[in-house]
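Have a look at the structure below, then the notes.
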Amino acid sequence: MKIYIIFIFLLTGAYIASVCYRKYAFNNLSVKRSISRDKLFPGEEFKINLQIENGKLIPVPFLNIEEIMPSQVKKKNLRYNETMGNTVSYSDIYSVGGRERVKRSYPAEINKRGVYFLRNLNVTIVDFFGMDKEEKQIEDFKEIVVYPKLKDFSHINVTSNSILGENIIKRWIFTDPIFIKGIRDYTGSDRMKDIHWNSSLRMGNLMVKEYDYSSDKEAVLIINVQYNRPFWNSINEERVNKSCEIAASLSQSFLDKGIPVGLWSNAHIISHYGDLMDKVPNSLNNMADILEFCGRVDSTPREDFYDYFKRNLGLLTGNTVCVIIAGYLSRDVQELIEASARQGNIIKIIDISRKNDLDEIAGTEKLNVREVL
């Protein structure tokens with residue numbers, strides 16, 4: 001009988017201790033998450049850091065932290081516990097002594113362009129006796145922007161209906177040289193009309209004129225993410241990703257040549273705080289803004305491309321070369337582009353449709369980009 005009473009007494013004491021522990025388990029306990037980088041290229045490694053600080057004397061022997069993340073966020077060397085639609089769950093167990101701080105860091109990577117949100121942490125504390133647990137959700141929001149891959153245009157085969165051939169990238173902007181800067185040796189890509197015959201006869205080998213070009217030209221690249229009518233009826237994520245890669249790579253190429261470049265799109269621009277501006281203004285020092293813009297471009301259009309292009313036509317000037325990156329252009333858009341070209345606007349089309357079957361538009365130049373495998 002005495003043993004029974006002692007057992008009941010101990011059990012009651014354990015229960016009371018368990019209740020008290022669970023009641024104060026989260027007192028003076030902080031769980032924080034940080035990331036080493038919030039803007040990166042696909043496949044680049046970054047760190048997800050967790051810091052648990054127990055400010056009370058009572059230890060926390062069993063603490064479980066669950067992170068629910070987009071499935072594209074891969075923690076290296078760790079396997080996720082559960083898949084839930086487009087998200088995965090990572091859980092880890094910690095033991096934190098009284099007045100102790102514990103830090104852990106996990107390498108991670110994301111291999112796909114886009115915007116990714118790391119949201120709340122689910123924290124569970126189990127009491128000393130394993131009898132019960134206390135759960136809490138900690139708000140800890142993080143946003144990561146993954147840029148598109150940058151392609152080297154020297155490794156891309158660009159076919160064009162222009163007679164400019166291999167020099168097409170350079171001459172998108174500069175259609176006519178202003179003055180001769182000097183004379184240099186002939187290369188296979190030079191035009192016959194640029195050969196300087198007097199110097200060639202004097203030097204004994206072919207020499208060509210080297211030009212300097214106008215410096216007041218600028219480029220505007222426009223990403224069209226619409227692939228059908230009505231504009232919300234068809235989403236093509238693969239083509240949009242390709243458009244962003246081309247836009248970012250081409251922007252870098254223009255900036256390297258000292259050409260101011262801007263970027264527009266009729267897409268939703270993803271951000272936790274709502275849609276951002278639909279343009280990156282023309283500049284010589286905006287590559288970081290262009291990369292972030294390309295990372296945030298959504299696959300869903302914000303408006304029909306006809307309405308978007310017509311509304312912004314007035315921003316184009318005679319010094320602006322407009323490059324439209326598209327896999328679909330409706331008939332009325334083609335007519336609008338043709339009318340704009342007749343009014344003196346310089347418009348180029350980069351055709352990213354699967355079969356490169358966009359119609360030729362009078363007064364414009366269509367380019368078909370093919371990657372070299």
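The values are calculated or read from the model by the stated rules, or taken from the named source; none is laboratory data. Everything quoted here is computed from the prediction, not taken from an experiment. FYI the Cβ positions are ideal-geometry reconstructions off the backbone, even for glycines, and counts take in every protein chain you see. All accessible areas refer to the heavy atoms of the entire protein, side chains included, with ligands and DNA or RNA removed. Shrake-Rupley method; radii C 1.70, N 1.55, O 1.52, S 1.80 Å.
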(Q) I'd like the residue in segment 75-101 that is exposed (fewer than 12 other Cβ atoms within 10 Å of the Cβ) and part of a strand (DSSP E or B) and, out of all such residues, is farthest from the chain's Cα centre (by Cα). (A) I93
Q: Go through segment 251-270 and give me each residue that's touching a residue at least 40 places away in the same chain (Cβ under 8 Å), open to solvent by 40 Å² or more (accessible area, probe 1.4 Å) and within 19 Å of N241 (Cα to Cα).
A: Q252, I270
Q: Inspect all residues belonging to segment 120-129 and state whether any of them is of a type in the set (A, V, I, L, M, F, W, C), assigned to a loop (DSSP other than H, G, I, E, B) and in contact with a helix residue (DSSP H, G or I) (Cβ under 7 Å, 6 or more places away or on another chain).
A: yes
Q: Spot the failing condition for Q252; the list is (1) modelled with pLDDT of 95 or more; (2) closer than 23 Å to K366 by Cα, and only one is missed.
A: (1)
Q.
Anything in segment 172-215 that is part of a strand (DSSP E or B) and modelled with pLDDT of 75 or more? List them, or say none.
A. I183, R184, D185, I195, M207, V208, K209
Q.
Could you go through segment 261-271 and let me know if any residue there is closer than 21 Å to A341 by Cβ, among the β-branched types (V, I, T) and more than 21 Å from the chain's Cα centre (by Cα).
A. no
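Find the residue count for segment 357-373, including only residues that are part of a loop (DSSP other than H, G, I, E, B) and either at pLDDT 85 or above or β-branched (V, I, T) (or both).
Result for segment 357-373: 9.
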Q. Do any residues in segment 14-39 that are closer than 16 Å to F62 by Cα have Cβ atoms under 7 Å from those of residues that are open to solvent by 70 Å² or more (accessible area, probe 1.4 Å) and modelled with pLDDT of 95 or more, where the two are at least six apart or on different chains, and which pairs are they?
A. none
Q.
Pull out all pairs, ordered by first then second residue, where Cβ-Cβ is under 8 Å, the residues are six or more apart or on different chains, the first lies in segment 271-294 and is within 17 Å of R113 (Cα to Cα), and the second is part of a loop (DSSP other than H, G, I, E, B) and at pLDDT 95 or above.
A. L291/Y147; L291/P148; E292/Y147; C294/R113; C294/Y147; C294/P148
Q) Do we have any residue at all in segment 57-69 that's open to solvent by 50 Å² or more (accessible area, probe 1.4 Å) and either among the small types (G, A, S) or out of contact with any strand residue (DSSP E or B) (no Cβ under 8 Å at 6 or more places or on another chain) (or both)? A) yes
Q | Scope segment 280-302; condition open to solvent by 50 Å² or more (accessible area, probe 1.4 Å) and touching a strand residue (DSSP E or B) at 6+ places or on another chain (Cβ under 6 Å); matching residues | A | P281, N282, D289, R302
(Q) Being surrounded by fewer than 12 Cβ atoms within 10 Å (Cβ to Cβ) and either at pLDDT below 90 or among the basic types (K, R) (or both) is true for just one of I163, I169. Which residue is that? (A) I163
Q.
Being in contact with a Leu (Cβ under 9 Å, 6 or more places away or on another chain) and either closer than 18 Å to G314 by Cβ or in a strand (DSSP E or B) (or both) is the filter here; which residues of segment 328-342 pass it?
A. L336, I337, S340
Q. Which of the residues belonging to segment 82-119 are without any contact (Cβ under 8 Å) to a residue 24 or more places away in the chain and either touching a helix residue (DSSP H, G or I) at 6+ places or on another chain (Cβ under 7 Å) or not hydroxyl-bearing (S, T, Y) (or both)?
A. E82, M84, G85, N86, V88
Q) How about segment 23-74: which of its residues are part of a loop (DSSP other than H, G, I, E, B) and charged (D, E, K, R)? A) R37, D38, E44, E45, K56
(Q) Can you confirm whether R311 is at pLDDT 95 or above and loosely packed, with under 14 Cβ neighbours inside 10 Å? (A) yes
Q. Looking only at residues in segment 216-247 that are over 14 Å from the mean Cα position of the chain (by Cα) and of a type in the set (D, E), which one is modelled with the lowest pLDDT?
A. D216
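Identify all residues within segment 102-113 that are open to solvent by less than 80 Å² (accessible area, probe 1.4 Å) and assigned to a strand (DSSP E or B); write none if there are none.
Within segment 102-113, V102, S105, Y106, P107, A108, E109, I110 meet the criteria.
Considering segment 255-309 alone, what residues qualify as being of a type in the set (D, E) and not in a loop (DSSP other than H, G, I, E, B)? It would help to see each step written out before you state the result.
To start, the set of residues in segment 255-309 that are of a type in the set (D, E) comprises 256, 275, 278, 289, 292, 298, 303-304, 307.
Listed by number, the residues that qualify are D256, D289, E292, D298, D307.
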